[in-house]
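The values are calculated or read from the model by the stated rules, or taken from the named source; none is laboratory data. Note that the coordinates shown come from a computational prediction; the quantities given were computed from them, not determined experimentally. Cβ placement follows ideal geometry from the backbone for every residue including glycine, while neighbour counts extend to all protein chains displayed.
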Amino acid sequence: MNAFKMKRALLMAASALAMMTIPGIAAAKDITLRLTAKEVALPIDNKGTTQVSWTYEGQVPGPVLRVTEGDRVTIVLTNDKANKNSHSIDLHAARVDVISDFESVKPGETKTFSFVTTFPGAFYYHCGSDPMYQHIARGMFGIILVDPKDADTRPKPDREYVLIQSEVYNNPDDTHSIMKNDWKHVVFNGVAFKYDPVHDPAATKTLVAKPGERVRVYFVNAGPNEISSFHPIAGIWDSVYLSGNPKNKMVGLQSFLVGPGDGATFDLISPKAGANVIVDHIMPHAHSGAMAVVMFSDDADPKMGRGDNILVR
């Protein structure tokens, strides 16, 4: 190696080392995420009405996957041998080959593929097996959060919550009803009025925060069909980040449209104690289940909206 090339290599190595040690800049990691597709019966309302769901890890939505921009992510998807259907995973945070990497996995088999997270954001993941809309309608979806490698690109939140909107159909085996949008409920996180005891006294949960805290809501519209007009009643979105990317910032919004298969990140700050209600402002959606109460009080549970409690089950 000549002197010029040697000097250049040393400068590049020094630059890479400096990036790893700058406060707030995260070093890239190799991360393996393992998911199992499971077909199970789960509730669709607060009264315990159940429906056979196709899921990741037996949950609707599936687990929150969280990585950092620049990470190399390996996905290991296993289709439980007890299942009757083939399943797959399509991650909107990935840039891969749709044929080889997002292919369906038969019951009892496993699929592995890798990708590098090139953009930060709040991204949708879902089953892409045919018919895709039926797998989504049965609950086979989730969110993958790709945190920016530079943590200083936006204000740090005091609390974080995940809300994933979707439609619940009376009979997902009737694919014609899904194609015609003949849904029964539009919901957040799989259950109608899950966080809204005002409109459903059977609900037992709300989201919580203290007045003045920055509440960051990571939102995905799983669909499979309906658009969402995302609005905080009695509040204003302090900041909205399209697709959750810190570079795509908008401020002071009353409502924001999120289409099926898309996502965004929303910051909410209440200057006073009381309640806001996050809704899909399309009224048939809201009044069939897409409402979530956020209670602001000084005695808000310090564990809520932090750690493993950002998707409230």
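Here is a list: Leu257, Leu311, Leu242. Which entry is modelled with pLDDT of 95 or more, within 18 Å of the chain's Cα centre (by Cα), aliphatic (A, V, I, L, M) and buried (at least 19 other Cβ atoms within 10 Å of the Cβ)?
Leu311
For Asp196, all conditions in the list (1) assigned by TED's automatic domain parsing to the domain that holds Gly289; (2) charged (D, E, K, R); (3) under 14 Å from the mean Cα position of the chain (by Cα) hold save one; what is the number of the exception?
Of (1) assigned by TED's automatic domain parsing to the domain that holds Gly289; (2) charged (D, E, K, R); (3) under 14 Å from the mean Cα position of the chain (by Cα), only one is false for Asp196: (3).
Among (1) assigned to a loop (DSSP other than H, G, I, E, B); (2) over 26 Å from Ile269 (Cβ atoms); (3) among the β-branched types (Val, Ile, Thr), there is one condition Ile178 misses while meeting the rest; what is its number?
(1)
Restricting to region 94-129, and then to whatever is polar (S, T, N, Q) and under 18 Å from the mean Cα position of the chain (by Cα), can you tell me which residue is surrounded by the fewest Cβ atoms within 10 Å (Cβ to Cβ)?
Looking at residues that are polar (S, T, N, Q) and under 18 Å from the mean Cα position of the chain (by Cα), I get Thr118.
Identify all residues within region 147-172 that are surrounded by fewer than 24 Cβ atoms within 10 Å (Cβ to Cβ), closer than 21 Å to Ser88 by Cβ and of a type in the set (Asp, Glu); write none if there are none.
Listed by number, the list is empty, since nothing qualifies.
Given (1) surrounded by fewer than 24 Cβ atoms within 10 Å (Cβ to Cβ); (2) in contact with a strand residue (DSSP E or B) (Cβ under 6 Å, 6 or more places away or on another chain); (3) of a type in the set (Val, Ile, Thr), where does Ile144 come up short, assuming only one miss?
(1)
Scan region 215-236 and tell me whether some residue there is without any contact (Cβ under 8 Å) to a residue 12 or more places away in the chain and not in a strand (DSSP E or B).
no
One line per residue, one yes/no per condition, for (1) of a type in the set (Lys, Arg); (2) buried (at least 19 other Cβ atoms within 10 Å of the Cβ); (3) over 18 Å from the mean Cα position of the chain (by Cα):
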position: Leu35; (1), (2), (3): no, yes, no
position: Lys38; (1), (2), (3): yes, yes, yes
position: Gly48; (1), (2), (3): no, no, yes
position: Glu57; (1), (2), (3): no, no, no
position: Glu69; (1), (2), (3): no, yes, no
position: Ile75; (1), (2), (3): no, yes, no
position: Ala82; (1), (2), (3): no, no, yes
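So Val251 clears everything in (1) surrounded by fewer than 17 Cβ atoms within 10 Å (Cβ to Cβ); (2) assigned to a loop (DSSP other than H, G, I, E, B) except one condition, right? Which one?
(2)
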